[in-house]
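Structure first, commentary second.
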Amino acid sequence: MVRNVVRFGTPVLRQKGALVESITPAIRELIGDMIETMYAAKGIGLAAQQVGLALQVTVLDLRGVTDRPSTLEISGQPADVEALMPLVLVNPRLELSGPSVLGPEGCLSFPEIYADVSRPAFVEVAALDGRGEPLEFRCGGLLARAIQHEVDHLNGILFIDRMSRKAKDAIREELDELWEETTKPPGRKQG
């Protein structure tokens, strides 16, 4: 089922997600709904907070993205990124490394708003997959950036929090408009 993606200004986006104790039928249904919602919204990642739930669950799928390559190592060996997709991360823990790299980011909770964000080049990930099995890997490129973006969501951090002041100032008007649209009570006219 496709769920609504909440927008900037919705309080749940600032909430740290609760750890998932076990992969219950409800969690499996949520994961399926999140993947369907991500595809319907034409995104490459989605966190539980973005569908209104403060839980440590995120989904990603970078298949089809050819202009921003990714690297993947499992047990120290190069692996096929596409074989891992769609990627489900439950209770993820990250270890960041490498130089910071500036790159473009967008977010389904910030429609049509994009800016450059600096993030470490590589990330080591330890998480549970959608079946509750341990999953560990190291990645770089777009996959590392996307995972950091989504795990930030799981901790109540938004990509605007990672932007330089200059980048944020450049999109200030769009942010203010989105905030007002999201937080304005329904039926209330501007005066």
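Go through the range 118-130 and give me each residue that's farther than 13 Å from ALA144 by Cα and either among the acidic types (Asp, Glu) or under 14 Å from the mean Cα position of the chain (by Cα) (or both).
ASP129
Taking the range 11-36 on its own, how many of its residues are in contact with a helix residue (DSSP H, G or I) (Cβ under 6 Å, 6 or more places away or on another chain) and either surrounded by fewer than 16 Cβ atoms within 10 Å (Cβ to Cβ) or over 18 Å from LEU128 (Cβ atoms) (or both)?
Qualifying residue count for the region: 2.
If you check every pair at least six apart or on different chains, which have Cβ atoms under 8 Å apart with a residue in the range 151-174 that is free of Cβ contacts under 8 Å to residues at least 40 places away in the same chain first and a residue that is aliphatic (A, V, I, L, M) second?
That search, which allows pairs on different chains as well, returns ASP152/LEU158.
Readers should treat all values here as calculations from the given coordinates under stated rules, not as data from a laboratory. Everything numeric here is computed off the predicted structure, so don't read it as measured data. Quick reminder, even Gly has a Cβ in these numbers, built from the backbone with ideal geometry, and neighbours come from all protein chains shown.
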